[in-house]
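Everything below concerns the one structure shown next.
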């Protein structure tokens, strides 16, 4: 199967999983499961920056619309991730992988690199998301707990989806 078609199908499946989880999986007000950062980091690394930003914004907005969420919240956070995912790739992954078009599969780069990369990306994503979603409505301690819980839960889910969908040959 051609790479582009395969990637479009995987993105559609991940968006479908995201919408189903938003509508049918309720882990309480503290946890928001979001797969948009995973979609953004799998955009091509050699793609023009403006195109990456537009795609990330569109993916986030699509999730906002389909999930009946705050319009623009996922879009803004995804756009922020699109700004930083390329510069973060290079210091985390080995120098001999700089010429790669896509992020490396876990079996090639190692689990530690993916966990670190996803952890930083999720931290940036949820910093924006929680700051604009309800920081003014809750205390700083509650927001910090929500921030940490969201990062850990989403890291586990993102790794599971990463291993099952994106890292298949």
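The values are calculated or read from the model by the stated rules, or taken from the named source; none is laboratory data. For clarity, every value in this text was computed on a predicted model and none was experimentally measured. Here Cβ is always computed from backbone atoms with ideal geometry, including for glycine, and neighbour counts include all displayed protein chains.
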Exercise. For the range 41-52, enumerate the residues that are surrounded by fewer than 18 Cβ atoms within 10 Å (Cβ to Cβ) and either in contact with a helix residue (DSSP H, G or I) (Cβ under 6 Å, 6 or more places away or on another chain) or free of Cβ contacts under 8 Å to residues at least 24 places away in the same chain (or both).
Key: 47, 48, 50, 51
Practice problem: Go through the range 133-157 and give me each residue that's modelled with pLDDT under 90 and either closer than 21 Å to residue 80 by Cα or under 17 Å from the mean Cα position of the chain (by Cα) (or both). | Solution: 133, 134, 135, 136, 143
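Considering only the range 53-76, I want to know if a residue exists there that is under 17 Å from residue 155 (Cβ atoms) and at pLDDT 85 or above. So that I can check it myself, show each step before the final result.
At the first step, the residues of the range 53-76 found to be under 17 Å from residue 155 (Cβ atoms) are none.
Scanning the range 53-76, I find no residue that is under 17 Å from residue 155 (Cβ atoms) and at pLDDT 85 or above, so the answer is no.
Of these, 69, 76, which one is within 17 Å of the chain's Cα centre (by Cα) and within 20 Å of residue 16 (Cβ to Cβ)? Reasoning before the result, please.
Details: 76 fails: within 20 Å of residue 16 (Cβ to Cβ).
Within the list 69, 76, the selection yields 69.
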Self-check item: For residue 116: the one exception among (1) closer than 20 Å to residue 167 by Cβ; (2) more than 14 Å from the chain's Cα centre (by Cα); (3) surrounded by fewer than 16 Cβ atoms within 10 Å (Cβ to Cβ)
Solution: (2)
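Can we say residue 38 is under 19 Å from residue 80 (Cα atoms), under 17 Å from the mean Cα position of the chain (by Cα), touching a residue at least 40 places away in the same chain (Cβ under 8 Å) and not in a loop (DSSP other than H, G, I, E, B)?
Values: under 19 Å from residue 80 (Cα atoms): yes; under 17 Å from the mean Cα position of the chain (by Cα): yes; touching a residue at least 40 places away in the same chain (Cβ under 8 Å): yes; not in a loop (DSSP other than H, G, I, E, B): yes.
When the stated conditions are applied, residue 38 passes them.
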Exercise. Kindly provide the set of residues from the range 18-35 that are in contact with a helix residue (DSSP H, G or I) (Cβ under 7 Å, 6 or more places away or on another chain) and either in a helix (DSSP H, G or I) or surrounded by fewer than 10 Cβ atoms within 10 Å (Cβ to Cβ) (or both), ordered by number.
Key: 18, 19
Exercise. Look at residue 100 and say whether it is at pLDDT below 90, surrounded by fewer than 17 Cβ atoms within 10 Å (Cβ to Cβ) and more than 30 Å from residue 144 (Cβ to Cβ).
Key: yes
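Determine, yes or no, whether residue 92 is within 28 Å of residue 142 (Cβ to Cβ) and either in contact with a helix residue (DSSP H, G or I) (Cβ under 9 Å, 6 or more places away or on another chain) or surrounded by 21 or more Cβ atoms within 10 Å (Cβ to Cβ) (or both).
Against the criterion (within 28 Å of residue 142 (Cβ to Cβ) and either in contact with a helix residue (DSSP H, G or I) (Cβ under 9 Å, 6 or more places away or on another chain) or surrounded by 21 or more Cβ atoms within 10 Å (Cβ to Cβ) (or both)), residue 92 does not qualify.
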Practice problem: For the range 41-63, enumerate the residues that are within 14 Å of the chain's Cα centre (by Cα) and more than 17 Å from residue 8 (Cβ to Cβ). | Solution: 53, 57, 60, 61
